[in-house]
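The structure under discussion appears below in the form of structure tokens.
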Amino acid sequence: MNISLDNIMPDGAASETMRHAMVASQLRTNAVSDQRVLVAMNTLPREAFVPAAQRAMAYRDTALPVAGGRAINLPMVTGRLLTEAYLEKGDRVLLIGAAGGYAAAILAQIVAEVVAVEEDASLAALAREALAGTANVRVVEGPLGAGDAEGAPYDVLVIDGAIEHVPDALVGQVRTGGRVVTGLVERGVTRLASGRKTDGGFGLSPFLDSDCVILPGFSSPQRFRF
């Protein structure tokens, strides 16, 4: 895949050192155990997928604030979600919260096809630039909660951020037997969760309490009260 390295951190050796340190200290120590995910994150220049003002902090163990109240997820969180997705080579993946395209780039090295949805115009533009030449990724600009019904059904749904609930519109775009990984917001606590869609329905099981960026537009429906 061709990643544009224009206008990123000038010291390539320092960037590589920080990238290897991220994998060793943030990923391997936090059960990011899928070797394909580790290889991709050890190879991809994360600074190419974040806004210019944040590139010096690309490998820190923290969310990176961007415009519009959004933030790019922690590397560990993205790594854990992709590990728990149990990705297969032939998978078609719907990624919600593409941000600058980093998670899409990781997925592109592992699966057959990625549709990456991003509603922030500046982030979508960054993702398209960084992913230029990556034939198996399509960046879709639009509401995160709408997904991309045109390309459904998908084998895997990855929501790279925390939400209060998974909308029916997204669940409906996952094939029966498909896998879902996401962050959840429950009573002010963020955690990571995974699940499968079955003939009988859909459910999620949390597997880790963790800091996770909160995605907009996913508030739980208000319950009617008498």
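The values are calculated or read from the model by the stated rules, or taken from the named source; none is laboratory data. These figures come from a predicted structure and were not determined experimentally. Here the Cβ is made from the backbone with ideal geometry for all residues, glycine too, and neighbour counts use every protein chain on show. Please note that ligands, DNA and RNA were not included when accessible areas were found on the heavy atoms of the full protein model with its side chains. Shrake-Rupley method; radii C 1.70, N 1.55, O 1.52, S 1.80 Å.
So Ser219 clears everything in (1) free of Cβ contacts under 8 Å to residues at least 60 places away in the same chain; (2) open to solvent by 70 Å² or more (accessible area, probe 1.4 Å); (3) part of a loop (DSSP other than H, G, I, E, B); (4) closer than 30 Å to Gln35 by Cα except one condition, right? Which one? Every condition holds for Ser219 apart from (4). Of the residues Val185, Val139, Val158, the single one that is over 14 Å from Val114 (Cα atoms), of a type in the set (A, V, I, L, M) and in contact (Cβ under 8 Å) with a residue 12 or more places away in the chain is Val185.
For region 159-187, taking the residues that are in a loop (DSSP other than H, G, I, E, B) and more than 20 Å from Asp91 (Cα to Cα), the one that is farthest from the chain's Cα centre (by Cα) is identified as Arg187. For region 5-13, state whether one or more residues are modelled with pLDDT under 95 and in a helix (DSSP H, G or I). The answer is yes, given that some residue of region 5-13 is modelled with pLDDT under 95 and in a helix (DSSP H, G or I).
Only one entry of Ala85, Ala67 meets the criterion of being open to solvent by less than 10 Å² (accessible area, probe 1.4 Å) and among the small types (Gly, Ala, Ser), and that entry is Ala85. Just to verify a result, which residue in region 101-130, among those that are more than 25 Å from Gly178 (Cα to Cα) and touching a Ser or Thr at 6+ places or on another chain (Cβ under 9 Å), is most open to solvent (accessible area, probe 1.4 Å)? Among residues in region 101-130 that are more than 25 Å from Gly178 (Cα to Cα) and touching a Ser or Thr at 6+ places or on another chain (Cβ under 9 Å), the one most open to solvent (accessible area, probe 1.4 Å) is Glu129.
Across region 192-215, what is the number of residues that are among the charged types (D, E, K, R) and buried (at least 18 other Cβ atoms within 10 Å of the Cβ)? Show your work before the answer.
Filtering region 192-215 down to residues among the charged types (D, E, K, R) leaves 196-197, 199, 209, 211.
Within this subset, residues satisfying the condition of being buried (at least 18 other Cβ atoms within 10 Å of the Cβ) are 197.
Selection size over region 192-215: 1.
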